[in-house]
Amino acid sequence: MSFPILSLMVAIPTIAAAVCLFSGAQAARVIALAATLINLVLGIMLWTHYEIGGPQWQFTEHLDLFGRFAWALGIDGIALLLIVLSVFLMPICIGASWVALEKRVPEYMAAFLLMETLMIGVFSAQDLFLFYIFFEAGLIPMYLIIGIWGGAERIYASYKFFLYTLLGSVVMLIAMLWMAQAAGSTDIPTLMAYDFPVKAQTWLFLAFFASFAVKMPMWPVHTWLPDAHVQAPTAGSVILAGVLLKMGGYGFIRFSLPMFPEASAQLMWLVMGLSMIAVVVTSLIALVQNDMKKLIAYSSVAHMAFVTIGLFAFNRQGIEGALMVMLSHGLVSGALFLCVGVIYDRLHTREIARYGGLATNMPYYALFFLLFTMGSVGLPGTSGFVGEFLSLVGAYHASSWVAFVATTGIILGAAYMLYLYRRVAYGPLTKEDVAAMPDLSLREWALLAPIAAAVLWMGVYPESFLAPMRGDVGALMARLAHAAPAGDAHVTIDRAAPPTAHASGEAH
Amino acid sequence: MSITASLALTMPEMILSLGAMALLMVAAFGGDGLTRAISWGAVALFAAAGLSLLGPAGNGGSGFEGLYLADSFAAFAKILIYIAAAVSVIIAPGFFARSGQLRAEYPILILLSAVGMGMMVSAGDMLSLYVGLELQSLSAYVLASFMRRDMRSAEAGLKYFVLGALASGILLYGISLLYGFTGTTLFSGIARSLETGISTGELFGIVFIFAGLAFKISAVPFHMWTPDVYEGAPTPVTAFFASAPKVAGMALLMRVAVMAMGSGTDSWRQIVVFAALASTILGGVAAIGQSNIKRLLAYSSINNVGFALFGLAAGTAEGVAATMTYMAVYVAMTLGSFLCVLQMRGADGQPVETIASLSGLSRTRPALAAALAIFMFSLAGIPPLFGFWPKFLVFDALVAIGLWPLAMIGIATSVIGAFYYLKIVKTMYFDEPAEAYAAADSKLEGGLITLSALFVSPLGYFAIPLLGAASMAAARALF
């Protein structure tokens with residue numbers, strides 16, 4: 001076993017969280033920032049040392065600590081990028097709460113550091129039950145973050161978040177117990193290669209679906225998300241949208257698709273149907289929102305539907321597109337929540353109608369906000385385009401109707417985002433208190449600029465992000481090959497030039 | 001087996017009963033002023049009794065012609081019982097001193113009750129079972145009304161006595177039916193007789209016995225006494241009721257179910273499944289409206305007993321081991337919660353029991369709030385806290401025998417329970433601070449809270465190999 005870098009990344013925030021609880025407000029801020037920055041450095045090291053085209057599972061650790069299950073960590077390219085996304089967003093979250101948050105700072109920082117521990121744990125767990133423990137444990141700090149530091153309706157939102165997600169997950173636990181007994185192993189890579197009986201797969205798929213659909217969230221079990229987002233503090237929303245929502249998509253990729261390929265194919269239309277409804281319905285709901293955070297929350301549901309559409313297209317473009325949407329949405333929606341936070345800190349309202357004309361007195365803010373709006377819309381050159389385009393291509397291969405419906409989501413997405421931007425940034429600057437708002441401070445620059453750079457990087461040169469995942473998507477494709485349903489689009493270009501390892505790289 | 005060899009098997013009970021009599025003499029002549037010394041004497045006796053399990057008493061086989069069994073199952077349960085009883089003794093003097101009712105009988109009654117519980121878990125015969133049960137119960141009735149000048153305490157004692165007597169009657173009726181149809185009261189004899197099939201009369205006997213024992217572990221539908229008695233009894237006594245007798249009752253139920261009626265598993269499984277589901281649902285729903293923390297914890301114990309019963313419903317060695325693990329973790333969580341309740345005292349030093357008084361505790365007493373939050377999340381079975389692990393094991397045992405639909409329903413009921421545990425956390429962390437409690441005055445209680453909180457924290461997972469091996473060895477003794 002080589003240097004246990006993943007264990008270290010799990011341990012650092014845990015220890016820092018414990019130290020935070022016993023320190024003062026300013027010390028807690030510094031400790032939290034230092035710990036998250038160290039983890040960011042470790043995350044970058046992870047990325048640079050990750051061997052593309054090497055073994056599927058890298059940085060593996062295995063320690064039989066608990067008898068029934070093991071402390072087993074390890075990552076593939078998909079987990080790698082999600083971990084990098086988490087450690088990238090964490091220092092930004094800490095920075096976002098640097099001055100805005102004055103109440104009970106040590107506990108707040110400790111809760112965030114614990115979240116980081118659990119997120120890294122979820123993405124790197126190689127043991128079924130270790131995964132479950134990390135997956136579920138996130139409920140406790142998130143419950144406290146929403147409930148203590150949230151807005152007016154925080155208590156209702158925190159209960160809803162907790163109980164909704166708990167109900168989904170306990171059902172999954174029973175399925176996991178069954179799987180561990182049927183396969184005689186709790187090792188995730190082993191289970192990914194194990195052929196469960198087709199009849200059982202349907203039940204298992206539905207049990208996992210109950211959990212991941214809530215986490216994702218998919219229509220119609222998405223209703224906890226707008227409540228939780230609106231009431232959570234800015235940094236809480238960033239983490240919720242940026243990373244926690246990815247746990248659902250990650251679950252589909254890691255568990256549902258490779259472990260139950262036949263059931264996934266059978267129930268493809270369940271997922272596709274719900275996703276199609278979600279794209280259209282939640283986009284329309286977003287169009288009529290008065291609250292900025294609620295609008296972005298509904299747009300998250302719509303974007304997550306692109307993830308499920310891509311995943312269940314059963315082809316390379318779809319799956320890679322879904323992964324890119326996940327990464328891009330993590331950056332863009334996180335950044336949009338930060339943008340809302342910036343003006344919320346100044347005016348203490350999220351009501352869209354209270355703003356207007358910000359482009360006049362806050363030009364730099366308007367610039368960043370515009371970039372992230374475009375990222376959300378999916379303008380070519382931003383990260384949003386790559387993912388949505390690829391997953392729509394994948395969907396078109398699978399079913400042209402799905403692609404048709406999903407594409408309306410792009411149009412609606414442009415509508416609600418541009419409408420939001422017009423109301424906030426353009427128009428006459430008539431309100432006095434709005435006109436008095438200063439432009440971005442140095443701290444806010446430091447928060448938004450890295451995300452903006454990442455959004456452009458992912459939009460202009462997505463290969464950096466696709467390359468580490470290519471081999472793992474290939475492995476997933478091989479696993480799904482015998483079950484994949486035939487698509488209705490008979491794309492001749494596929495026959496002329498059969499897909500090679502580089503086909504998708506050239507597609508954009 | 002000679003009488004001396006048999007007596008050697010009962011070493012823990014000998015130590016406790018002779019010690020209790022000696023301490024009773026000390027109390028009678030020394031007066032209540034010696035209560036603290038007597039309490040520590042009782043703790044020493046529990047330690048000695050626990051250590052004696054290392055000898056033949058721990059795994060020596062059966063004595064007194066099968067009336068008494070000293071196997072590793074009994075040893076596991078006894079260790080839990082002694083720990084819980086010792087903690088109940090340690091925390092009492094401070095509580096009673098504040099209300100001016102410090103009396104030397106308390107540790108002695110707990111000792112006698114522990115002797116009864118030792119007999120219960122070691123019983124190999126319906127009659128030694130009954131004698132142990134009654135010894136435990138009689139001490140418990142007195143303990144419930146220990147603050148005799150307090151109306152609620154007296155009411156609790158009377159209520160407990162009347163309903164307990166009724167349950168004992170039901171149990172005895174079941175035993176007599178079984179004796180009538182099988183011709184023996186020995187567990188091994190009953191098991192042999194049932195192997196050839198179960199007659200209607202025997203089935204009636206089984207049902208009555210289960211009903212009587214369900215009362216002792218307060219499983220629904222025989223739970224009605226629990227909230228009233230828990231609320232009325234002095235808090236240290238409630239802590240005791242919620243921990244040690246539950247372990248004894250559960251162990252006894254498992255021994256009877258598996259050793260005496262193992263061949264009739266399919267017959268009694270329905271009873272256990274019903275009691276388990278009803279307990280988890282009712283324990284979850286009825287707790288939601290409670291405003292008194294002790295009543296709430298009473299429903300919480302009903303809820304948790306329901307989950308523990310799922311392990312027995314599996315009817316396998318794994319299931320029994322899971323239930324024993326459940327009881328071990330449950331004892332730590334419950335004692336920890338009641339230790340926190342003991343810290344709830346108004347400025348005048350008198351106990352406060354409303355949940356509303358916990359408001360904003362995280363700001364007035366952050367450590368206490370964190371500990372209670374850990375216990376609540378753990379009782380709800382949320383990972384990474386250790387309370388998740390026993391739930392995991394019982395449902396694993398159910399899934400192993402193919403009862404996954406039941407496991408699915410059972411685990412879904414845990415979401416109902418999660419709601420009221422969250423309510424406590426919400427009161428402590430989200431609400432504005434209420435009047436602060438009196439400052440902590442006992443380092444010992446603080447230490448015990450820390451210890452139990454650490455055990456149910458994620459650090460507890462390191463105990464899994466040890467706990468798993470011990471509970472499995474215990475369960476194998478029954479099969």
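The values are calculated or read from the model by the stated rules, or taken from the named source; none is laboratory data. Quantities reported herein were computed from a predicted structural model and do not represent experimental measurements. Neighbour counts are summed over all protein chains in view; Cβ atoms, including those assigned to glycine, are modelled from backbone coordinates with ideal geometry. With ligands, DNA and RNA removed, areas are computed over all heavy atoms of the protein, side chains included. Shrake-Rupley method; radii C 1.70, N 1.55, O 1.52, S 1.80 Å.
At-a-glance table
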item: Residues located in the stretch A:173-196, provided they are more than 10 Å from chain B (Cβ to nearest Cβ) and in contact (Cβ under 8 Å) with a residue 12 or more places away in the chain; result: A:Ala183, A:Thr186, A:Asp187, A:Ile188, A:Pro189, A:Leu191, A:Met192, A:Ala193, A:Tyr194, A:Phe196
item: Close pairs from the stretch B:428-448: first more than 14 Å from B:Gly346 (Cβ to Cβ), partner open to solvent by 40 Å² or more (accessible area, probe 1.4 Å) and among the aliphatic types (A, V, I, L, M), Cβ under 6 Å, at least 6 apart; result: B:Phe430/A:Ile155; B:Gly446/B:Ala440
item: Any pair with Cβ under 7 angstrom, 6 or more apart, that starts in the stretch A:308-334 at a residue that is under 16 Å from A:Ser399 (Cα atoms) and among the aromatic types (Phe, Trp, Tyr) and ends at one that is part of a loop (DSSP other than H, G, I, E, B) and open to solvent by 10 Å² or more (accessible area, probe 1.4 Å); result: A:Phe314/A:Ala484; A:Phe314/A:Pro485
item: Residue in the stretch B:408-427 that is surrounded by the most Cβ atoms within 10 Å (Cβ to Cβ), counting only those that are facing another protein chain (nearest Cβ under 7 Å) and of a type outside the set (Phe, Trp, Tyr); result: B:Ile411
item: Test: residue in the stretch B:60-70 that is in a helix (DSSP H, G or I) and at pLDDT 90 or above; result: no
item: Failed condition for A:Val41, given (1) touching a Pro at 6+ places or on another chain (Cβ under 9 Å); (2) outside any loop (DSSP other than H, G, I, E, B); result: (1)
item: Within the stretch B:381-407, tally of residues that are farther than 30 Å from A:Leu144 by Cβ, at the interface with chain A (Cβ under 7 Å from one of its Cβ atoms) and open to solvent by 10 Å² or more (accessible area, probe 1.4 Å); result: 2
item: A:Ala210 of a type outside the set (Phe, Trp, Tyr), crowded, with 24+ Cβ neighbours inside 10 Å and either in contact with a helix residue (DSSP H, G or I) (Cβ under 7 Å, 6 or more places away or on another chain) or within 24 Å of A:Ala398 (Cβ to Cβ) (or both); result: no
item: Members of the stretch A:446-487 that are open to solvent by 30 Å² or more (accessible area, probe 1.4 Å) and charged (D, E, K, R); result: A:Glu463, A:Arg470, A:Arg479
item: Residues of the stretch A:97-114 satisfying the condition of being in contact with a Ser or Thr (Cβ under 9 Å, 6 or more places away or on another chain) and either at positive phi or open to solvent by less than 10 Å² (accessible area, probe 1.4 Å) (or both); result: A:Ser97, A:Arg104, A:Val105, A:Tyr108, A:Met109, A:Phe112, A:Leu113
item: Odd one out for A:Ser185 among (1) within 24 Å of A:Gln56 (Cα to Cα); (2) in contact with a Ser or Thr (Cβ under 8 Å, 6 or more places away or on another chain); (3) of a type in the set (Gly, Ala, Ser); result: (2)
item: Complete set of residues in the stretch B:95-113 that are in contact with a Pro (Cβ under 9 Å, 6 or more places away or on another chain) and either farther than 29 Å from B:Ser337 by Cβ or small (Gly, Ala, Ser) (or both); result: B:Ser99, B:Ser113
item: Selection within the stretch A:126-142 - within 8 Å of another protein chain (Cβ to nearest Cβ), open to solvent by 10 Å² or more (accessible area, probe 1.4 Å) and either of a type in the set (Asp, Glu) or touching a Gly at 6+ places or on another chain (Cβ under 9 Å) (or both); result: A:Ile133, A:Phe134
item: Checking A:Ala34 against (1) in contact (Cβ under 8 Å) with a residue 12 or more places away in the chain; (2) open to solvent by less than 80 Å² (accessible area, probe 1.4 Å); (3) not in a helix (DSSP H, G or I), the condition it does not meet; result: (3)
item: Every pair of residues 6+ apart whose Cβ atoms lie under 9 Å, when the first sits in the stretch A:146-159 and is hydroxyl-bearing (Ser, Thr, Tyr) while the second is open to solvent by 50 Å² or more (accessible area, probe 1.4 Å); result: A:Tyr159/B:Phe419
item: Sole exception among (1) under 17 Å from A:Ile174 (Cβ atoms); (2) free of Cβ contacts under 8 Å to residues at least 12 places away in the same chain; (3) of a type outside the set (Ser, Thr, Tyr) for B:Ala400, by number; result: (2)
item: The stretch B:430-462, residues that are open to solvent by less than 30 Å² (accessible area, probe 1.4 Å) and either facing chain A (nearest Cβ under 10 Å) or among the charged types (D, E, K, R) (or both); result: B:Phe430, B:Glu445, B:Tyr461
item: Matching entry among B:Ser337, B:Ser378 (being within 19 Å of B:Tyr461 (Cα to Cα), assigned to a helix (DSSP H, G or I) and more than 9 Å from every other protein chain (Cβ to nearest Cβ)); result: B:Ser378
item: Residue within the stretch A:344-356 that is surrounded by fewer than 22 Cβ atoms within 10 Å (Cβ to Cβ) and among the polar types (S, T, N, Q) present; result: yes
item: Residue match in the stretch B:204-226 (condition: free of Cβ contacts under 8 Å to residues at least 40 places away in the same chain, under 14 Å from B:Leu129 (Cβ atoms) and in contact with a helix residue (DSSP H, G or I) (Cβ under 9 Å, 6 or more places away or on another chain)); result: yes
item: Residue count for the stretch A:143-160, restricted to those that are open to solvent by 10 Å² or more (accessible area, probe 1.4 Å), more than 7 Å from every other protein chain (Cβ to nearest Cβ) and of a type outside the set (Lys, Arg); result: 6
item: Residues within the stretch B:260-282 that are modelled with pLDDT under 90 and of a type outside the set (Asp, Glu), tallied; result: 11
item: Unique match (being modelled with pLDDT under 90 and within 21 Å of the chain's Cα centre (by Cα)) among B:Ser128, B:Ser199, B:Ser153, B:Ser139; result: B:Ser153
item: Residue within the stretch B:241-256 that is under 28 Å from B:Ala474 (Cα atoms), among the aliphatic types (A, V, I, L, M) and open to solvent by 20 Å² or more (accessible area, probe 1.4 Å) present; result: no
item: Residue pairs meeting the criteria (Cβ under 6 Å; at least 6 apart or on separate chains; first basic (Lys, Arg), in the stretch B:237-261; second open to solvent by less than 10 Å² (accessible area, probe 1.4 Å)); result: B:Lys246/B:Ile217
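Rundown of residues vs (1) at pLDDT 90 or above; (2) more than 18 Å from A:Val99 (Cβ to Cβ); (3) assigned to a helix (DSSP H, G or I); (4) among the charged types (D, E, K, R), yes/no style:
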{"site": "A:Thr373", "(1), (2), (3), (4)": "yes, yes, yes, no"}
{"site": "A:Ser376", "(1), (2), (3), (4)": "yes, yes, yes, no"}
{"site": "A:Leu429", "(1), (2), (3), (4)": "no, yes, no, no"}
{"site": "A:Val434", "(1), (2), (3), (4)": "no, yes, yes, no"}
{"site": "A:Asp439", "(1), (2), (3), (4)": "no, no, no, yes"}
